[in-house]
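Below: one structure in C-alpha cells.
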Amino acid sequence: MLAVIFAMSFASPAAAQDLVRAINGNPYSFDPHKVYTAPEFEILYDLYEGLVSRNGAGELVPGVANDWSVTSDGLRYTFQLRPSAKWSDGSQVVAEDFKASLERLMTPGTAAPYASLFEIIESVVAADDTTLTIKLANPTAYFPSLLALPAAFPIHGSLRESEAFTSPAKFVGNGAYQLDYWRFNDRAELVRVSTYIGDVKPAFKRVIYVVSEDENTCVRRFQSDELDTCPQLSTGLVRELGPGLGAQLRIVPGLASYYLSLNTNDPVLNNRDVRRALDLAIDRQTLANDTLQGLFSPMESWVPTGFAGYPPAPVARNFAKLTKFQRLQESIQLMTNAGYTPDTPLTLSLAHSTLPDEALVMQEIARMWEPIGVRMEREVRDFASHYAHLGTKQGYQIAAAGWIADFVDPLSFVGLGSNAASSTPNYTNFSDPVIETLLDNAESEPDPQQRMVLLSEAEQRILDSHAHLSLVTISLISLVSDRIGGWQDNPLGVNLSKYLTPNE
Amino acid sequence: MHLARRRLILALIPRAIWSVIAIWLVSTLSFFVSRAAPGGPFDNLLRLGAHARDNQIVASGLDDPLLVQYGRFLSGFWHGDFGESLVLKGVPVVNLLSESIVVSISIAIPALVIGIVFGSLAAVFAVIQNFSDGFFRIFLALALTLPAFLTAPLLSLFFAVWLGWLPAGGVHAGLPSFVLPCLVLTLPIAAMVCLLLLEALRERMSSPDILASRAKGLGTSQLVRSHALPSAVIPVLNFLAPTVALALAGAVVTETVFDIPGSGRLFIQSALARDYPVVVALATFVGLLIIGLNLLADALTLWLDPRTNIRGLEP
C-alpha cells in the first residue's frame with residue numbers, strides 16, 4: 001500500500017530544462033474573468049495572450065493584434081489580428097473570440113472583479129476573422145494598457161459557458177504555454193505549445209509554478225536550487241539573508257504604495273484638523289529608511305513616480321516645506337485644540353493585515369502618533385479577511401492598504417481617493433465633489449496633456465483632504481536564480497516565462 | 001476464547017452507537033461553527049459592490065435559511081456527497097480531500113511506524129540495560145517539546161540548504177521529498193512512545209508477580225518480553241489512538257514548512273477562505289478517524305487485558 005502511495009506522489013521530477021517559479025498563494029481559477037491575485041495573473045500571462053501584450057521589460061507590445069489604429073477623437077480602435085494566432089487546440093484565434101469574451105466580461109452574471117475597468121467600452125464589432133473594432137464612450141489614453149490585462153484575454157468557445165478552467169484535459173488557451181497539471185496547494189505545470197507563434201520562441205519546454213506561501217520556505221527551496229524564482233520577499237527577510245545572494249536578489253521600485261485610509265464617517269475623523277494632525281505626525285523618511293531599511297522609498301505625493309508625463313507640474317503635500325519639528329509642533333497644537341493630549345489621548349482603531357512589512361510600518365506609525373495624544377488599537381487580520389473587511393467600509397476608523405497599479409496611468413492611483421472612479425476601491429466614505437468633477441472632466445478630456453493636468457489637480461485635492469495618507473512606495477523584491485537569463489526588472493512585476501532562458 | 005470474543009463484541013456495541021452519534025455531532029458542529037465565523041467565501045467581490053457578492057451567495061444557495069442548508073448538507077452527507085468547493089469553482093470537495101489525504105497519509109504512516117518501532121525499542125533497551133535516567137530523559141524531553149515550527153526549518157536548513165542531501169520542500173522529488181517531513185513527525189511520536197512504555201515497563205518490572213518470576217531465575221530480557229510488555233503496551237495504545245488520527249489528518253506546520261499539499265494545509269486555507277463544504281468535510285473526516293481509532297484502541301485493550309474495565313464498555 002505504501003509503495004502505491006509513494007508511486008502516486010511522484011508526479012514528475014523537475015528536469016534540468018524546466019523553469020520553476022514560486023507563487024506565494026494558490027490560484028483559485030484560470031478563468032481570465034475571475035482572477036484578481038498576483039499568482040493568478042502570473043500564470044495567466046503564460047496561458048493566454050491578449051490583443052496587446054507586455055514584453056520582457058513589461059512594456060506594451062502587439063499581442064494577437066499585430067497592428068491597431070485609433071480615430072482622431074480617440075474613441076474608435078481598430079485592431080488587425082494575426083492570422084497565425086492559434087488556440088492550443090490548433091484552431092485560429094478570431095476577432096469573434098475577443099468580441100464574445102469581452103461581452104462575457106461585461107455580463108453582470110459573470111461577476112468579473114475587473115469588469116468595471118472596461119465599462120468605457122460602448123460596442124465591439126468583429127467585421128471579419130481578423131478585424132476587431134472597439135468603440136469607447138470616452139477617449140481613454142490608457143486603453144491599450146487595459147487590453148494587456150488578463151480580463152481582456154480571449155476565452156475559447158468551449159470554456160465560455162463552463163467553469164472547467166482548472167482541468168488540464170479541458171483547458172484551451174492561446175498563450176505560449178498550455179496547462180498540463182494542476183493540484184491545489186501543490187503546483188501548476190505548463191507545457192510549451194508547439195503551434196504558438198509570437199515575438200519569441202519560448203526557451204523552456206516546461207514551466208512549473210510551485211505554491212509556496214511561506215517566504216522562508218521559498219528562500220530555503222531557492223537556496224537548495226529547487227526553485228528558480230521567489231516572489232515578493234519582506235524587508236525583514238532581506239536583512240536576514242544579507243549580501244550572500246548577490247545579484248540574484250532583485251529590488252525594483254513598483255508602481256505600488258502603502259497608504260492609510262481614514263474613515264470620514266467616524267465623528268472624530270470627520271474633523272479635518274484631526275486628520276491633518278495625524279498626517280503631519282507621520283515621518284515617512286523614518287518609515288522608509290529605518291523601518292524598511294531603505295528598501296522602500298518615502299512618498300511625498302499620492303501617486304508614485306514612474307508614470308510618463310506625470311505630474312505635469314510638481315504635486316506635494318501643503319506642509320512639505322515645514323521641518324520635522326514644525327510639523328510635530330503644528331500637529332500637537334491641532335490635537336490640543338481638538339481636546340486630545342498624551343494625558344487625555346484619543347483612542348483610534350487601526351486595521352491592518354499580517355503582511356510583515358505592513359505590520360512593521362503600522363507598529364512604527366502607532367509609535368509616531370503617541371506624542372500627539374493618539375493611542376492606537378491595532379486590529380490584525382489575515383490578508384484576505386483584512387481586505388474583505390475594508391470592502392464593507394464599516395467597523396474601522398483607520399485602515400492600512402496596499403495598492404499596485406493595474407494599468408500604467410496615474411488614474412490607477414488618483415481613482416483610489418474618490419468614489420467617482422469605479423475602477424479602484426475607495427475604502428473610505430470620503431467623497432469630494434471637486435475631485436469627482438475633476439475626474440469626470442479628465443475622463444472626457446481628449447487632450448492627453450490637459451488630462452494629466454486635471455488628474456494632478458485631483459491628486460492635490462486628495463493630499464489636501466488628509467483622508468488618504470500615502471506612506472511609502474512598495475519595492476518589488478524577488479529572487480531570480482543566476483541559472484535564469486532574460487529576466488528584466490520592471491515596476492509592474494510582469495515577467496512572462498516565454499522571455500526567460502536557461503543560462504549555461 | 002469464544003466467550004471472550006462474544007464479551008468483546010457485546011461490550012463494543014454501545015460504544016459503536018455512541019461513535020456514530022459523535023460523528024454526526026462533529027459534522028453538525030463544524031457546519032454551524034464554520035458559518036458563524038465572520039466574513040464569507042465571496043467577500044473578495046465586495047470591491048465590485050455588495051451586489052456582486054450577493055449574486056454569488058444566491059447562486060450557491062448560501063442565502064437559504066441555515067436549517068434548509070443544513071438539511072441539504074445532511075442529505076448530501078447521507079449519500080456521501082460533500083458537494084463542490086465554493087472558492088475553487090467546479091472542483092468536488094471529495095477530490096480535494098482525497099488528493100490531500102493521500103499525501104498526508106504517505107508521510108504519517110512511515111512516521112508512525114518508525115516512531116513506534118524506535119520508541120518501543122529504545123524503551124525496552126533502556127529497561128533491559130537498566131539505563132540511568134538523566135541523559136536519556138533530557139533527550140526525550142527535547143524531542144517531545146521542540147515544536148515543529150522550530151525543528152522543521154532547522155532540519156531543512158541543515159540537510160537541504162547546507163548539505164544539499166535532501167529537498168527543502170515539495171513532494172515531486174520522489175522518496176527523498178518525504179524524509180524530512182517524516183522525521184519532523186517521527187521525533188515527538190518516538191519520544192512519547194518511549195516515555196510511556198518506559199514508565200509502564202518500570203512499574204510492571206517492580207510488581208510482585210514479576211519479582212517472583214525473577215526469583216525463579218528468569219532473566220531481565222525474557223521477563224520484559226514475555227511478562228511485562230503485553231500489559232505495558234496499554235497506555236501506549238491509548239496515546240496512539242488520537243495520535244495516529246491526528247497524524248493522518250495532516251500536520252499543518254510541517255506541511256506548510258515543506259510546501260506539502262496535505263490535508264492540514266488544505267484545512268487552514270479552506271478555513272481562511274471560508275470554503276465551508278471543505279472545512280466541514282475535513283472536520284468530519286478527522287472526527288471519524290479519532291473516534292474510529294479510539295474504538296479500535298478500546299477493542300485492543302480489552303483483548304490484550306480482559307480485566308480492563310473501560311467506562312462505557314462494561315455493563
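The values are calculated or read from the model by the stated rules, or taken from the named source; none is laboratory data. No experiment lies behind these values; they were computed from the predicted model shown. Cβ sites come from the backbone with ideal geometry, for glycine too, and all protein chains shown count toward neighbours.
Has the range A:253-273 got any residue that is in contact with an Asp or Glu (Cβ under 8 Å, 6 or more places away or on another chain), closer than 17 Å to A:Leu346 by Cα and in contact (Cβ under 8 Å) with a residue 24 or more places away in the chain?
no
Could you grab the pairs with beta carbons closer than 7 Å, sequence gap of 6+ or different chains, first residue in the range A:379-403 and farther than 19 Å from A:Asn265 by Cα and in contact (Cβ under 8 Å) with a residue 24 or more places away in the chain, second one crowded, with 20+ Cβ neighbours inside 10 Å and among the β-branched types (Val, Ile, Thr)?
Note: pairs meeting the criteria are A:Gly402/A:Ile474.
Of the residues that sit in the range A:249-299 and are touching a Leu at 6+ places or on another chain (Cβ under 6 Å) and among the small types (Gly, Ala, Ser), which one is surrounded by the fewest Cβ atoms within 10 Å (Cβ to Cβ)?
If we take residues in the range A:249-299 being touching a Leu at 6+ places or on another chain (Cβ under 6 Å) and among the small types (Gly, Ala, Ser), then A:Gly254 is surrounded by the fewest Cβ atoms within 10 Å (Cβ to Cβ).
Any idea which residue in the range B:74-93 is nearest to the other protein chains (Cβ to nearest Cβ), counting only those that are more than 13 Å from A:Phe184 (Cβ to Cβ) and buried (at least 21 other Cβ atoms within 10 Å of the Cβ)?
Going through the qualifying residues, I end up with B:Leu86.
Further question: On the basis of being outside any helix (DSSP H, G or I), more than 14 Å from every other protein chain (Cβ to nearest Cβ) and not charged (D, E, K, R), does A:Ser101 make the cut?
Here the answer is no, as A:Ser101 does not meet what is asked.
Confirm whether A:Phe118 is in contact (Cβ under 8 Å) with a residue 12 or more places away in the chain and under 22 Å from the mean Cα position of the chain (by Cα).
yes
Tell me, yes or no, whether the range B:44-61 has at least one residue that is at pLDDT 85 or above, over 13 Å from A:Ala111 (Cα atoms) and surrounded by 12 or more Cβ atoms within 10 Å (Cβ to Cβ).
Checking the range B:44-61: not a single residue is at pLDDT 85 or above, over 13 Å from A:Ala111 (Cα atoms) and surrounded by 12 or more Cβ atoms within 10 Å (Cβ to Cβ).
What single numbered condition from (1) closer than 21 Å to A:Gly25 by Cα; (2) crowded, with 21+ Cβ neighbours inside 10 Å; (3) touching a Pro at 6+ places or on another chain (Cβ under 8 Å) fails to hold for A:Ser385?
Looking at each condition in turn, A:Ser385 falls short on (2).
Table: residues versus (1) touching a residue at least 12 places away in the same chain (Cβ under 8 Å); (2) of a type in the set (Val, Ile, Thr); (3) within 12 Å of chain B (Cβ to nearest Cβ).
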site	(1), (2), (3)
A:Val172	yes, yes, no
A:Asp180	yes, no, no
A:Val219	yes, yes, yes
A:Asp228	yes, no, no
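Within 14 Å of another protein chain (Cβ to nearest Cβ), under 19 Å from the mean Cα position of the chain (by Cα), modelled with pLDDT of 85 or more and not in a loop (DSSP other than H, G, I, E, B): which single residue out of B:Cys182, B:Cys194 fits that description?
B:Cys182
Would you confirm whether any residue within the range B:77-85 is under 27 Å from the mean Cα position of the chain (by Cα) and on the phi > 0 side of the Ramachandran plot?
yes
Determine, yes or no, whether B:Gly287 is touching a Gly at 6+ places or on another chain (Cβ under 6 Å), crowded, with 20+ Cβ neighbours inside 10 Å and at pLDDT 85 or above.
So B:Gly287 fails the test.
Residues in the range A:363-382 that are surrounded by fewer than 20 Cβ atoms within 10 Å (Cβ to Cβ) and assigned to a loop (DSSP other than H, G, I, E, B): how many?
Result for the range A:363-382: 1.
Specify the residue that is nearest to the other protein chains (Cβ to nearest Cβ); the eligible residues are those in the range A:235-274 that are part of a loop (DSSP other than H, G, I, E, B) and touching a strand residue (DSSP E or B) at 6+ places or on another chain (Cβ under 8 Å).
Filtering first and then ranking leaves A:Asn263.
Just wondering, is there one or more residues in the range A:321-343 that are under 32 Å from the mean Cα position of the chain (by Cα) and crowded, with 17+ Cβ neighbours inside 10 Å?
For the range A:321-343, residues under 32 Å from the mean Cα position of the chain (by Cα) and crowded, with 17+ Cβ neighbours inside 10 Å: absent.
Ok, one more. Would you pick out the residues in the range A:202-217 that are over 9 Å from A:Leu19 (Cα atoms) and more than 12 Å from every other protein chain (Cβ to nearest Cβ)?
A:Pro202, A:Ala203
Related question: Filter the range B:69-91 down to residues that are outside any loop (DSSP other than H, G, I, E, B), touching a helix residue (DSSP H, G or I) at 6+ places or on another chain (Cβ under 7 Å) and of a type in the set (A, V, I, L, M, F, W, C), then give me how many there are.
Residues flagged as outside any loop (DSSP other than H, G, I, E, B), touching a helix residue (DSSP H, G or I) at 6+ places or on another chain (Cβ under 7 Å) and of a type in the set (A, V, I, L, M, F, W, C) within the range B:69-91 amount to 2.
Among the residues of the range A:151-195, which ones are touching a strand residue (DSSP E or B) at 6+ places or on another chain (Cβ under 7 Å), among the aromatic types (Phe, Trp, Tyr) and over 15 Å from A:Leu19 (Cα atoms)?
Hits for the range A:151-195 are A:Phe171, A:Trp182.
Shifting gears a bit: Condition check: assigned to a loop (DSSP other than H, G, I, E, B), modelled with pLDDT of 95 or more and either closer than 28 Å to A:Asn495 by Cβ or not polar (S, T, N, Q) (or both). Does A:Pro168 satisfy that?
No, not satisfied.
Which one of B:Leu140, B:Leu155 is surrounded by 19 or more Cβ atoms within 10 Å (Cβ to Cβ), over 19 Å from the mean Cα position of the chain (by Cα) and more than 11 Å from every other protein chain (Cβ to nearest Cβ)?
Being surrounded by 19 or more Cβ atoms within 10 Å (Cβ to Cβ), over 19 Å from the mean Cα position of the chain (by Cα) and more than 11 Å from every other protein chain (Cβ to nearest Cβ) holds for just one of B:Leu140, B:Leu155, which is B:Leu140.
If you don't mind, another one. Do the conditions hold for B:Ser231, that is, is it touching a residue at least 12 places away in the same chain (Cβ under 8 Å), surrounded by fewer than 16 Cβ atoms within 10 Å (Cβ to Cβ) and closer than 18 Å to B:Ser120 by Cβ?
The answer is no for B:Ser231.
So B:Ala249 fits all but one of (1) surrounded by 18 or more Cβ atoms within 10 Å (Cβ to Cβ); (2) more than 13 Å from the chain's Cα centre (by Cα); what number is the exception?
Condition not satisfied by B:Ala249: (2).
Tell me whether the range B:274-284 contains one or more residues that are among the hydroxyl-bearing types (Ser, Thr, Tyr), within 14 Å of chain A (Cβ to nearest Cβ), touching a residue at least 12 places away in the same chain (Cβ under 8 Å) and buried (at least 24 other Cβ atoms within 10 Å of the Cβ).
Within the range B:274-284 (the criterion being among the hydroxyl-bearing types (Ser, Thr, Tyr), within 14 Å of chain A (Cβ to nearest Cβ), touching a residue at least 12 places away in the same chain (Cβ under 8 Å) and buried (at least 24 other Cβ atoms within 10 Å of the Cβ)), the answer is no, since none of the residues qualifies.
Only one residue in A:Val434, A:Val472, A:Val494 is under 30 Å from A:Arg192 (Cα atoms) and either touching a Lys or Arg at 6+ places or on another chain (Cβ under 8 Å) or surrounded by 19 or more Cβ atoms within 10 Å (Cβ to Cβ) (or both). Which one?
Unique residue meeting the criteria: A:Val494.
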